Structures are given as structure tokens and as C-alpha cells.
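Every read-out reported here was derived from the displayed coordinates using simple, explicitly stated rules and does not represent laboratory data. Everything numeric in this text was worked out from a predicted model, so none of it was measured. As a convention, Cβ positions derive from the backbone with ideal geometry for all residues, glycine included, and neighbour counts pool all protein chains shown.
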Amino acid sequence: MNGNVRLWLALLFLGCAATLRAEDNLPPPPVDTDTSPYHLALLAYKGDRYDDALKAINEAEKANPDDLSTKILKARILTEEHDYAAGEALLQKVIASNNGVYDAQIALGDLYLRQHDFPDAVKIYNLCLAQKPNNPDLLLNLIYALVGTGDYVTAGKYFSQLKPFDPDHPSYYFAKAALAQSTGKASEIDEDLETVRTIYGITTANRYFKTYLQVFVVSGQSSAPAAPPSTNALPATPGKNP
């Protein structure tokens with residue numbers, strides 16, 4: 001993906017407020033009256049206000065130190081704060097003491113994906129997949145991780161399980177774009193991501209595009225190596241950052 005494509009994508013998904021579809025211009029939701037520290041942390045996390053989220057989740061942890069949801073949310077906030085060691089330690093502790101809590105495993109896989117530790121992400125996502133095999137978001141992140149390891153055949157098999165017109169999950173199109181990364185065919189990638197924006201709206205597109213950027217663009221690994229020799233092989237992708 002060249003610099004022009006990267007800029008176009010950033011403008012399309014992150015800076016084009018004026019192009020919101022009509023269905024995204026909805027009335028504001030009802031006023032939220034829940035002021036518990038956990039809820040405030042969750043709202044700040046969803047709003048990308050991670051410093052505020054960390055302060056609130058620390059308060060929630062003081063109030064309820066044994067709550068698993070609090071620990072998992074804190075680990076996700078630590079991931080966004082790039083404190084990967086602390087986030088991983090917290091999740092590993094939760095998993096070890098609670099026989100592998102699914103949500104904690106997902107969070108750990110996402111932490112590894114963010115670090116570009118693709119092999120460990122694959123291992124964790126496979127554990128999760130055994131528990132919930134039809135989760136499209138999980139399949140998408142597993143495909144990202146598999147592409148990162150160079151296992152294009154397995155990535156393609158999982159891709160075949162995604163539906164192109166799933167009303168709730170644009171995972172198919174992002175997975176397709178990920179598999180096309182290293183072919184250098186920017187137009188195909190652009191088309192898939194534009195399809196997401198058209199069908200699902202800018203809000204949903206942004207949410208998925210954030211992870212896509214973190215895996216394939218923000219790392220600075222957007223110049224892809226040659227595809228595998230087989231004409232039927234899936235495309236390669238940039239390797240893991242040190």
C-alpha cells in the first residue's frame with residue numbers, strides 16, 4: 001500500500017465527518033446516568049480517552065478487586081496505553097486462576113496482535129475459536145494474525161467461513177483487504193474498505209479500521225514482499241516489527 005493510498009484511507013475513515021451517511025446522523029442516545037467507576041472507565045475506553053479510562057478503572061478495582069470484568073477492561077486499557085507487559089501479566093493471572101476465561105483470552109490475543117506477536121496471537125485465538133467457532137470478529141483477528149505469520153492457506157480457509165453480507169459484521173471485507181495486502185493491488189484494498197463504509201456507515205467502519213491500521217499500516221510495514229510462488233496462493237504480508 002503506497003503513501004497516497006494510506007493517506008486516502010486515513011481521510012476516508014478518520015477525517016471525513018462531512019461524508020457521514022444519513023443513517024449515521026441519528027438522534028443522540030438517552031442520557032447515561034450510570035456513574036460507577038467501571039462504567040465511566042468503559043465509556044472513556046470506548047471514547048479513546050485512555051488516561052481517563054485508566055484512572056476510572058483503578059477506582060473500580062479498588063472498590064471491587066476480585067471482579068473479572070474490571071481486570072479484563074483494565075488490561076485492554078493498558079494495551080491502549082502501550083503498557084503491554086502489565087496488561088499481559090494481568091490477563092495471564094486471570095486466565096490461570098479462572099480456567100481460561102474466554103474474554104480474557106480474547107483480550108490477550110488482541111494484545112499480542114497489537115504487538116505484532118502474530119504466532120502467540122494465533123495460539124490464543126485458536127483456543128478461543130474452539131469455544132466459539134462462529135464469531136466473525138474472532139475469525140477476522142485470527143486471519144490478521146495468520147497473514148502476519150505467512151500462513152496464507154489457513155488464513156484463506158478461515159476467510160471462507162465469513163459471509164460477505166453479514167448485517168452486523170463487516171469482517172469479510174476487512175479480511176479480504178488483509179489478504180490482498182502484499183499483492184500491491186491498492187485498488188482492490190480500497191474497494192473492499194469503501195464497501196464497508198458504504199454498507200455499514202462510517203462509525204462501524206472506523207471501529208474496524210482502527211485495528212486494521214494498527215496491524216497493517218501504523219506499524220510502518222506497508223511495503224509488502226512478493227506473493228508466494230503459486231498462482232493460487234494467498235498474498236503475503238509484511239513481517240513482524242522488532
What does the C-alpha gyration tensor say about the overall shape of the range 73-144? Classify as rounded when a/c is under 1.5, otherwise prolate if a/b is larger than b/c, or oblate. oblate
As a footprinting exposure proxy, order ILE72, ILE143 by other Cβ within 10 Å, with the fewest listed first. ILE72, ILE143
Given the Cα-Cα distance of ASP48 and ALA89 and 0.36 nm per residue of separation, how much length would full extension add, in nm? 12.5 nm
For the range 88-221, what is the charge dipole size about the Cα centre, in debye to the nearest 20, if Lys and Arg each add +1 at the Cβ and Asp and Glu each add -1 at the Cβ? 160 debye
Once R0 is set to 22 Å, what does the formula 1/(1 + (r/R0)^6) return for the Cβ-Cβ distance between ASP120 and HIS39, expressed as a FRET efficiency to the nearest 0.05? 0.10
Taking 0.36 nm per residue of separation between LYS163 and ASN64 and subtracting their Cα-Cα distance, the length gained on full extension comes to 31.6 nm
